[in-house]
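Throughout, read-outs are computed from the coordinates displayed, never taken from laboratory work. This is a predicted model, so every value here is computed, not measured. So basically every Cβ, Gly included, is an ideal-geometry build from the backbone, and we count neighbours across all protein chains shown.
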């Protein structure tokens, strides 16, 4: 986003226009990312507090990525399963043609800026030679037991300008089978990294953290990943349990896990079972029509950030939602949405499946990036260790389609004027527009509750399209192109002073 074109718009109830950047508390101050609420808070109190919540610097950087990728790869790629069993023979893992540079090129050319690798899925198979389990690539004859997918992945992503993300499933069926996961052990201080036989490390940092036996196993795994593979930009946890019986669920040591990640990778976002990023609530890649980044949350299970309302609630952050969630709410928190979806029907590669069409992916883009969320698109490597040619072509076609949908901002360099509650753009001559892109300057929170786009046609302002929330990114598609010289974004409802960082006008090329 071009911040040199930032405009500041007061809410409809304000009396003055901000002419420059105002003096306010630091927008990236972590202390402002969550604000406590109490049982006596009124609706006005809740709305006021919500307007004061600010994202952290790492959340601002994450939101700017817009398009991120998932790479589901592991023993399931070779067994045909989606959820493994934990007792697989590691030798089944044989990606003879592994080429992570090919992954990186395809993702870069598809417009992606970060990729998350399934370093450990629910089966517990690890894509690097860990010291703490035998269920790893080192147990395979692939590359004579010296293969390391994580090393190759991290090096390739950085080589091609992508950020690196790692997914470690909290569930672990292999450790369950070996009596470590959910074995009833109590939390006690554990030294991380825990020395093992033949350990040649001389750690520059060690930690004493409370954990169960399995919690310590996860901490040691995290320590390896976060200290031996270069900078990590996102650590991704989920809440699925695989095939582990419901009565054998481990109470995860979230507080200790978060502490270790913050210590070893302070710039990394912790998603989606984490304090930085939340799951949008479905696996279709679509955000809500009005997606709020300020959400009522509660703390569960050793500091886990959790929804005060259900994860799939249709309305997570409106005034009504803030009030209805109050009895369960500990904080109002900046907790933006990530929309995960796979390019194929499954998360792991299955040869009989085909990728989604360009039209489907484009709808997902407008339903995620266009609705104040970040898209996380899974593209699974095949049994050769490559992204399938069909998927590679589809990624490029997807990027080209988005580029045609938003080919160039007609308002770039145009004359702008700001009045109470509105910003007007003069294009200099009549131009056809059918796409409008808006963004708030989220350093100062998310404020817009209602906004209309108007065009000056036949001597009068005419309403063209309306929206509720804006947030970090809102893309509106007009029912049909409208031709006008002057365009206006007018705020009809807001929680506080509105600062628009972007008001872009586009004519799609189909």
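Nearest 5 percent is fine: what portion of the DSSP beta bridges confined to the chain is antiparallel?
Working: 59 of 88 bridges.
So the antiparallel bridges in the chain amount to around 65 percent.
What do the square roots of 5 times the Cα gyration tensor eigenvalues come to for the chain, in whole Å, largest first, as semi-axes of the equivalent ellipsoid?
Rounded to whole Å, the semi-axes are 42, 28, 18.
Arranged from highest to lowest average of other beta-carbon atoms within 10 Å per residue, in what order do the peptides 502-508, 411-417, 269-275 appear?
269-275, 502-508, 411-417
Could you give me the percent of Cα pairs per 5 Å distance bin for the range 373-491, shortest bin first, beginning at zero and ending with the bin that holds the maximum distance?
Going out from 0 Å in 5 Å bins, the range 373-491 shows 2, 9, 16, 19, 16, 12, 8, 7, 5, 4, 2, 1, 0 percent.
By counting other Cβ atoms within 10 Å of each Cβ, how are 352, 250 ranked from fewest to most?
Ordered from fewest to most neighbouring Cβ atoms within 10 Å, 352, 250 come out as 352, 250.
Rounded, prolate or oblate: which fits the range 396-450 when a ≥ b ≥ c are the square roots of the eigenvalues of the alpha-carbon gyration tensor, with rounded for a/c under 1.5 and prolate only if a/b beats b/c?
oblate
In what sequence do 259, 68 fall when counting other Cβ within 10 Å, fewest first?
Working: 259 17, 68 26.
With the fewest neighbours first, 259, 68 line up as 259, 68.
Please state the equivalent ellipsoid semi-axes for the range 155-251: what are the square roots of 5 times the Cα gyration tensor eigenvalues, largest first, in whole Å?
Three semi-axes, in Å: 26, 20, 11.
Rg/Rh for the range 85-238: what does it come to with C-alpha atoms and Rh from Kirkwood? List each step's numbers first, then the result.
Numbers: Rg = 16.0 Å, Rh = 16.4 Å.
Checking Rg against Rh, the ratio lands at 0.97.
Classify the range 276-432 as rounded, prolate or oblate from the Cα gyration tensor: take a ≥ b ≥ c as the square roots of its eigenvalues, call it rounded if a/c is under 1.5, otherwise prolate when a/b beats b/c and oblate if not.
Values: a/c = 2.88, a/b = 1.03, b/c = 2.79.
The shape class here is oblate.
If you average 1/r over all unlike Cα pairs in the range 161-201 and invert the result, what Kirkwood radius do you get in angstrom?
Hydrodynamic radius (Kirkwood, Cα only) of the range 161-201 equals 13.7 Å.
Neighbour counts of other C-beta atoms within 10 Å: give me 103, 279 arranged from fewest to most. Numbers along the way, then the final one.
On the way: 103 27, 279 19.
Listed from fewest to most nearby Cβ atoms, that is 279, 103.
For n ≥ 4 DSSP H runs only, could you compute -39500 (n - 2.57) per run for the chain, divide by its residues and tell me the 222 nm figure to the nearest 500?
-6000 deg cm²/dmol
As a test, work out the antiparallel percent of DSSP beta bridges whose residues both lie in the range 321-436, rounded to the nearest 5.
Close to 45 percent.
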